[in-house]
Every structure is written in structure tokens, then in C-alpha cells.
Amino acid sequence: MRHSLSLLLPSAALAATLFAAAPASAQSAALESGSSTWRRGSRPADASLSRFTFELRFGAYYPEVDEEFAGGATPFADYFGTGAQFYFGAELDWTPIRIPYVGRLGPGFGWGFTTMSGAARLTSGATDTEESAGPKTSLTIHAMHASAVLRVDEISRRTIVPLVPYAKLGFGFGTWSSGTDTGTSKIGTDCNAATPTDCVVAEGLSIGPHIALGGMLGLNWLDPRSGAMARENTGINQAYVFGEWMWSNLDSGIDKPAMHIGTSTWVLGLAVDM
């Protein structure tokens with residue numbers, strides 16, 4: 001029941017965002033035409049036409065694989081250690097809904113990648129485990145999400161303060177695979193058969209809720225002339241640096257148990273409004 005509710009709430013938020021896009025377009029056009037009573041002229045009119053935000057994301061990733069094991073077992077930490085893994089990602093948001101005096105709302109899709117490796121291990125005797133000098137054990141994760149995104153950009157649009165807080169709520173999903181230098185690991189008696197019946201492949205899909213909170217710092221004020229040229233020549237209205245706390249609780253399976261590959265972490269990145 002807990003997993004069902006945790007998946008239902010983000011999915012409902014994303015569905016509501018998509019449903020509201022069409023009727024909100026007229027409201028957005030009215031605000032962008034200059035009917036707002038807020039202070040005007042702090043940013044070029046072209047900047048109010050932003051509909052898309054693209055992000056490049058970098059940070060640390062801490063896969064929560066060991067949280068599913070009881071009795072103190074830590075197979076992930078034993079192989080890959082307890083340090084952070086490097087994370088790289090990208091995201092594209094479409095925010096056509098203009099909420100007066102608040103900001104832009106719409107759906108977004110993000111993808112992230114991390115991979116790690118450790119020494120493969122061989123069983124020696126009945127109780128000993130020793131590191132092998134041969135192939136390495138690896139784990140690769142592709143973490144994705146579809147979310148409702150709210151970018152609170154009215155402060156930036158109507159004042160000289162170049163800050164844009166934002167929030168994301170949605171549905172996360174990730175694929176994972178594990179193997180050695182020779183390929184994806186398989187366990188079973190007939191894995192090499194044309195149609196194996198007793199074979200488990202070390203790969204899968206994990207799902208769960210995705211939440212993120214962050215803030216963007218606009219960079220156009222550093223060189224307004226270059227910012228104006230970028231709008232004219234490339235359609236990029238604003239460039240940003242940002243920081244974000246991200247939580248993806250990817251610990252559920254669709255029809256079977258799933259590896260816990262989610263994380264709670266901070267990421268940094270570059271973003272542009274178009």
C-alpha cells in the first residue's frame with residue numbers, strides 16, 4: 001500500500017500538469033503581453049517567451065543498494081566501497097503554463113548515468129573470499145524521471161534579482177545491469193541455450209517517486225550585451241548555474257522485487273532558457 005501511494009501521488013501531479021497546459025495558454029499570453037502590474041523593464045521582453053529549459057547535470061551518486069539487506073549485509077559496499085560515484089545527466093523541461101506572480105509550470109524529462117567497478121571475487125575454501133586478479137565487477141545505472149516542474153521565475157523577470165527557485169515532483173524509473181569484463185552476468189544451468197529456462201540475467205528495472213528542489217542563478221547580468229546577442233542569434237534567453245537536491249526512491253519493481261538503485265544527493269549544473 002505504501003509503494004502504491006508513493007507512485008500514485010507523483011503520477012497524479014504530472015497528469016494534472018499536462019491537463020492544465022491548454023487552458024493556461026491564454027493566461028500566459030496575457031501576462032507576457034505586459035498586462036502585469038509588477039515593475040516592468042527589468043528584463044527584455046524576449047525573456048518572457050521562454051518555454052523550454054535544458055540542463056546539464058553533474059554530481060555525486062550514492063546507490064542505496066544495501067538498504068534492502070537485513071542483518072548488516074553490505075554486498076554493494078563490499079564490492080564498490082562507500083564513496084560517492086560520479087553522476088552525469090541531462091534534462092529538458094517544457095513549461096507552457098504561466099502562473100501569474102509565480103512562474104512557469106509544465107512537464108519535464110530527465111536522464112542520468114553512473115557506472116562503477118570493483119575487483120571481482122572468488123570463493124577460496126569454505127569461508128574465505130579473496131579478490132581476483134582477473135576481471136572487474138561493474139554496475140551501471142541509467143536513472144530517469146518524468147516530472148511536473150515549477151520554476152518560480154517572476155522574481156527574476158520583474159526585479160533585478162537573478163534567482164529562480166524551482167521544484168520537481170514526478171515518477172522515477174531506472175535500468176541497471178551488472179557484469180564483468182566479459183559481459184553481463186548470468187546465473188543458471190542453461191544460459192547458453194537458444195531458449196533458456198533456468199537463467200537469471202543481472203539486469204532489471206526499478207521504479208519509484210522522484211522529488212527535487214533547487215535554485216538557478218542567472219548569468220546574463222554579467223554581460224548584458226552578450227546575453228542580448230545570444231537571444232538574437234540562438235534563441236537562448238538566459239543562461240544559469242544551478243544547485244539541486246535530488247531524491248529518487250527507485251526501490252520497487254513492476255511485477256517482482258527490484259534492486260534499490262535510487263539515491264539522495266546534491267547535483268550542480270548549467271541550464272539555459274529557450
³J(HN,Hα), Karplus 6.51/-1.76/1.60, whole Hz, each residue of region 158-171, x for Gly, Pro: 10, 9, 8, 7, x, 10, 10, x, 7, 9, 9, 9, x, 10
Enumerate the amide H contacts of Phe88 below 5 Å, restricted to partners 5 or more residues apart or on another chain; note that Pro and chain-start residues carry no placed amide H. Phe113
Residue by residue through region 262-274, which ³J(HN,Hα) values in whole Hz follow from phi under the Karplus form 6.51 cos²θ - 1.76 cosθ + 1.60 (θ = phi - 60°), with glycine and proline marked x? x, 7, 10, 7, 10, 10, 10, x, 10, 9, 9, 9, 10
Accessible surface of Ile99 - all protein chains present, 1.4 Å probe, nearest 10 Å²: 60 Å²
Between the alpha carbon centres of region 150-185 and region 47-89 the gap in Å comes to 12 Å
Multiply the residue gap between Phe52 and Thr175 by 0.36 nm, knock off their C-alpha separation, and tell me the result in nm, one decimal place. 41.6 nm
Rough spin-label spacing in nm, given labels placed 7 Å along Cα→Cβ, for Thr182 and Glu232: 6.3 nm
In percent, what relative contact order does region 205-266 have, based on Cα pairs under 8 Å that are 6 or more apart in sequence? 42 percent
For Leu213 and Asp198, compute 0.36 nm times the residue count separating them, minus their Cα-Cα distance, and round to one decimal in nm. 1.0 nm
Sequence-distant or interchain residues sharing an amide H contact under 5 Å with Asp251, placed H: which? Ile207
Per the Kirkwood formula over distinct C-alpha pairs, the hydrodynamic radius of region 225-274 in angstrom is 14.0 Å
In whole Hz and in residue order, list the ³J(HN,Hα) couplings for region 69-86 that follow from phi through the Karplus curve 6.51 cos²θ - 1.76 cosθ + 1.60, θ = phi - 60°; x for Gly and Pro. 9, 9, x, x, 5, 9, x, 5, 5, 5, 8, 10, x, 10, x, 6, 9, 6
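The values are calculated or read from the model by the stated rules, or taken from the named source; none is laboratory data. For clarity, every value in this text was computed on a predicted model and none was experimentally measured. FYI the Cβ positions are ideal-geometry reconstructions off the backbone, even for glycines, and counts take in every protein chain you see. Just so you know, the surface numbers come from the protein's heavy atoms only, side chains and all, with ligands and any DNA or RNA stripped out. Shrake-Rupley method; radii C 1.70, N 1.55, O 1.52, S 1.80 Å.
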